[in-house]
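Trainee: My questions all concern the structure below.
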Amino acid sequence: MKKIIRVATMSGSFTSLLSGQLRFMSDHYEMIAVASSGGKINGEDVIDVLAKSEGVQTYTVEMTRQITPLKDFLALCKLYKLFKKEKPDIVHSHTPKAGTLAMIAAKLANVPHRLHTIAGLPLVEAQGKKRKLLNLVEKITYACATRIYPNSKGLKEIVVENNFTTPQKLKVIGNGSSNGIDTSLFDPKEYSDYHNSQLRRKLNIKDSDFVYVFMGRLVKDKGINELVKAFKNISKVQKNVKLLLLGIYEEELNPLLKETQYEIENNSNILKLDWQDDVRPYLAISDVLTFPSYREGFPNTVMQACAMELPCIVSDINGCNEIISNNINGIVIPVKNIQALEQAMKKLVTNSDLYNTLTLNTRQVIKNKYERVFVWEQILNEYNLLLSQNV
């Protein structure tokens with residue numbers, strides 16, 4: 001059986017963002033997952049949880065999301081030794097740091113097929129010397145890879161515009177997305193009115209309240225400063241609105257403005273919860289996803305919300321503007337525009353006809369284009385195609 005090694009910086013990427021995919025692929029190929037240990041779940045390393053949940057062999061190689069030259073070099077050496085030992089037919093990497101290290105190591109180890117999936121480009125918001133460094137790292141990653149898979153059409157355009165690699169190396173698999181959505185799992189019919197009412201009561205949300213929800217890291221690049229400001233303005237006029245934030249701060253990497261954090265902690269209409277392993281109950285009690293991010297790959301959050309029949313307000317960026325069509329299944333707004341965000345949020349709470357129209361179109365888009373098994377089959381077809389060629 002042919003062997004494929006999948007590499008991600010953090011093991012949590014496999015258990016959350018790529019959940020189920022390794023198990024599916026293991027019916028066709030010998031699959032090995034490589035990532036950092038990833039902290040603990042009920043006292044067990046995440047990578048060990050991954051081995052059990054996906055039924056695959058795993059290796060721990062500690063990697064960081066920051067630029068850490070010594071740790072990066074040690075990780076590169078470990079990956080090289082692992083690839084020489086296992087002799088995979090394919091190495092397929094995800095996330096920026098794992099992509100750079102795995103593609104260099106795989107090239108040095110003479111792995112025939114070196115694949116990297118782009119699910120976002122942090123460099124888009126970088127400037128000056130940091131931007132130049134990140135550009136160089138990106139070019140090195142792509143030069144070492146044999147194929148590059150942006151998970152959205154917009155990402156592909158950004159890569160081409162920046163001359164990171166040749167267009168011939170690039171391909172968007174299927175309609176985009178790295179893992180798709182299981183619409184049998186993300187289904188609002190699984191949550192009864194009684195269940196939703198109980199959760200709302202627990203969170204001190206009235207049945208008559210209109211709930212905006214955000215899911216993700218509470219950081220600047222996700223548009224949280226703009227979202228909180230827009231909501232603050234709306235809540236002065238609309239008294240029956242709540243903002244539900246599911247996520248954690250990252251004060252070292254991408255901190256919020258102090259006034260934003262103060263508002264979150266002190267506005268009684270803003271409900272901040274930590275990230276939830278199961279977000280479906282919270283989507284079921286919400287009315288609109290607000291996702292004014294500055295940059296994305298192909299956001300699972302937006303697909304999950306649509307599958308749960310929530311209209312989405314999203315930034316006009318790659319991924320988001322491929323899932324959401326303006327005034328069809330949501331509203332697309334300019335990036336970093338508080339006024340446009342506020343207007344869109346007001347429109348959906350006051351215009352019930354528009355809201356109902358958007359709601360009717362949300363779930364079907366996901367079922368038609370981003371169903372999980374369809375995405376998996378498209379990736380499997382790509383593996384089959386590559387391994388059938390004597391390249």
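Trainee: Using just the helices of the chain, give the 222 nm mean residue ellipticity in deg cm²/dmol: DSSP H runs with n ≥ 4 each add -39,500 (n - 2.57), and the total is spread over all residues, rounded to 500.
Mentor: Numbers: 15 runs with 168 residues, N = 391.
One gets -13000 deg cm²/dmol as the mean residue ellipticity at 222 nm.
Trainee: Residue 171: which aspartates and glutamates have alpha carbons under 17 Å from its alpha carbon, excluding same-chain residues fewer than 8 sequence positions away?
Mentor: 138, 157, 161, 322, 377, 382
Trainee: As a test of reading the structure, rank 16, 36, 26 by solvent-accessible area (1.4 Å probe, protein chains only), most first.
Mentor: In descending accessible area the options line up as 16, 26, 36.
Trainee: Moving to a separate point now. Might you report the magnitude of the Cβ-based charge dipole of the stretch 328-391 about its Cα centre, with Lys and Arg at +1 and Asp and Glu at -1, to the nearest 20 debye? Can you show the working numbers first?
Mentor: Numbers: 7 positive and 5 negative charges, 43 e Å.
For this selection, approximately 200 debye.
Trainee: Let me ask something else about it. For the chain, what does the relative contact order come out to in percent, with C-alpha contacts under 8 Å and a separation of six or more? All intermediate terms of the calculation are to be shown ahead of the outcome.
Mentor: Values: 735 pairs, mean separation 55.0, N = 391.
Relative contact order comes out at 14 percent.
Trainee: Also, I was wondering about something else. Where is the GNM fluctuation largest for the chain (alpha-carbon springs, 10 angstrom cutoff): 189, 222, 129?
Mentor: Between 189, 222, 129, it is 129 that shows the largest mean-square fluctuation.
Trainee: Moving on to the next point. Work through the residues other than residue 143 whose Cβ is under 15 Å from its Cβ and net out their charges, Lys, Arg +1 and Asp, Glu -1. The partial results should precede the final answer.
Mentor: On the way: positive: 107, 114, 139, 147, 169; negative: 138.
With Lys, Arg at +1 and Asp, Glu at -1, the net is +4.
Trainee: Express in Å², to the nearest 10, the accessible area of residue 148 obtained by rolling a 1.4 Å probe over the protein heavy atoms while all chains stay in place.
Mentor: Accessible area of residue 148: about 0 Å².
Trainee: I've got another one for you. Pull up the cross-link candidates among the aspartates and glutamates for residue 232, meaning alpha carbon to alpha carbon under 20 Å and not fewer than 8 places away within one chain.
Mentor: List returned: 209, 221, 259, 263, 265, 287, 342.
Trainee: Determine which lysines satisfy two conditions relative to residue 367: a Cα distance under 17 Å, and not lying fewer than 8 residues away in the same chain.
Mentor: List returned: 189.
Trainee: If all Cα-Cα distances of the chain are sorted into 10 Å bins from 0 onward, what percent lands in each bin, rounded to whole numbers?
Mentor: Result returned by the calculation: 5, 22, 32, 25, 12, 3, 0.
Trainee: Going by alpha carbons, how many degrees (0 to 90, nearest 10) lie between the helix axis of 96-108 and the longest principal axis of the chain?
Mentor: It is inclined by approximately 10 degrees.
Trainee: Cα centroid distance between the stretch 183-208 and the stretch 118-171, in Å?
Mentor: The distance from the Cα centre of the stretch 183-208 to that of the stretch 118-171 comes to 41 Å.
Trainee: What angle, in degrees between 0 and 90 and rounded to the nearest 10, separates the Cα long axis of helix 193-202 from the longest principal axis of the Cα atoms of the chain?
Mentor: 90 degrees
Trainee: State which entries of 97/236; 52/229; 2/130; 169/347; 107/132; 132/347 exceed 32 angstrom in Cα-Cα distance in the structure shown.
Mentor: On the way: 97/236 43 Å; 52/229 43 Å; 2/130 39 Å; 169/347 43 Å; 107/132 24 Å; 132/347 41 Å.
From the list (97/236; 52/229; 2/130; 169/347; 107/132; 132/347), the Cα-Cα distance tops 32 Å for 97/236; 52/229; 2/130; 169/347; 132/347.
Trainee: So if I take the alpha carbon set of the stretch 36-132, get Rg, then get Rh from the Kirkwood formula, what is the Rg over Rh ratio?
Mentor: On the way: Rg = 14.8 Å, Rh = 14.8 Å.
My calculation of the ratio gives 1.00.
Trainee: Considering only protein heavy atoms, what per residue accessible area in square angstrom results for the chain with a 1.4 angstrom probe? Show your work: numbers first, answer last.
Mentor: Working: 17730 Å² over 391 residues.
With all protein chains present, the chain gives 45 Å² per residue.
Trainee: Name the most mobile residue of 55, 120, 319, meaning the one with the largest mean-square fluctuation, in a Gaussian network model of the chain with Cα contacts below 10 Å.
Mentor: Residue with maximal mean-square fluctuation among 55, 120, 319: 55.
Trainee: So if I place +1 on the C-beta of Lys and Arg and -1 on the C-beta of Asp and Glu, and nothing else carries charge, what would the dipole magnitude of the chain be about its Cα centre? I want it in debye, nearest 20. Don't skip to the answer; put the middle values down first.
Mentor: Values: 50 positive and 41 negative charges, 205 e Å.
With Lys and Arg at +1 and Asp and Glu at -1, about 980 debye.
Trainee: Let me ask something additional. Just to be sure I understand: with springs between alpha-carbon atoms less than 10 Å apart, which residue in 312, 77, 320 has the highest mean-square fluctuation in the Gaussian network model of the chain?
Mentor: Of 312, 77, 320, the Gaussian network model singles out 77 as fluctuating most.
Trainee: Something else about it: I'm checking a number: the convex hull volume of the Cα atoms of the stretch 157-201, normalised per residue, in Å³. What is it?
Mentor: Working: hull volume 5.8 nm³, N = 45.
Normalising the Cα hull of the stretch 157-201 by residue number yields 129 Å³.
Trainee: Mind pulling the angle between the C-alpha long axis of helix 352-369 and the longest principal axis of the chain? Nearest 10 degrees, somewhere in 0 to 90.
Mentor: 20 degrees
The values are calculated or read from the model by the stated rules, or taken from the named source; none is laboratory data. Fair warning: this is a prediction, and the values are worked out from it, not measured in the lab. Note that each Cβ is placed from the backbone with ideal geometry, even for glycine, and that neighbours are counted across all protein chains shown. In case anyone asks, the SASA skips ligands and DNA or RNA and just uses the protein heavy atoms, side chains included. Shrake-Rupley method; radii C 1.70, N 1.55, O 1.52, S 1.80 Å.
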